[in-house]
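Peer 1: I'd like to ask you about the structure that follows.
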Amino acid sequence: MKKVIWTPTARKSLQQTSDFITELWNEQVTDQFLNQRDYRISRIQKNPDLLRLSRTVNFVNC
């Protein structure tokens, strides 16, 4: 399984989105969001060829 490498900007954006969901919605919705996020990251790790390679650096863009 491939490793997902988060840029500082992506990590910050993900945290802000998670915080926003937590503030706006109840615990059940927050858990669903986090579970979906983790599921999608897992799919990316297992199937990295589904995404395109970045043109500027040797990374896959999501």
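Peer 1: So which trypsin sites (Lys or Arg not before Pro) in segment 1-44 are both in a DSSP loop and have at most 10 other Cβ atoms within 10 Å of their Cβ?
Peer 2: Details: sites: LYS2, LYS3, ARG11, LYS12, ARG37, ARG40, ARG43; in loops: LYS2, LYS3.
Answer in residue order: LYS3.
Peer 1: Hey, which aspartates and glutamates would be in cross-link range of LYS12, C-alpha to C-alpha under 18 Å, not counting anything within fewer than 8 residues on its own chain?
Peer 2: Straight-line reach from LYS12, under 18 Å: GLU23, ASP38.
Only the coordinates and a few stated rules stand behind these numbers; no lab work does. Owing to the predicted nature of the structure, the values given are computational and were not obtained by experimental measurement. Positions of Cβ are generated from backbone atoms using ideal geometry, with glycine treated the same way; all protein chains shown enter the neighbour counts.
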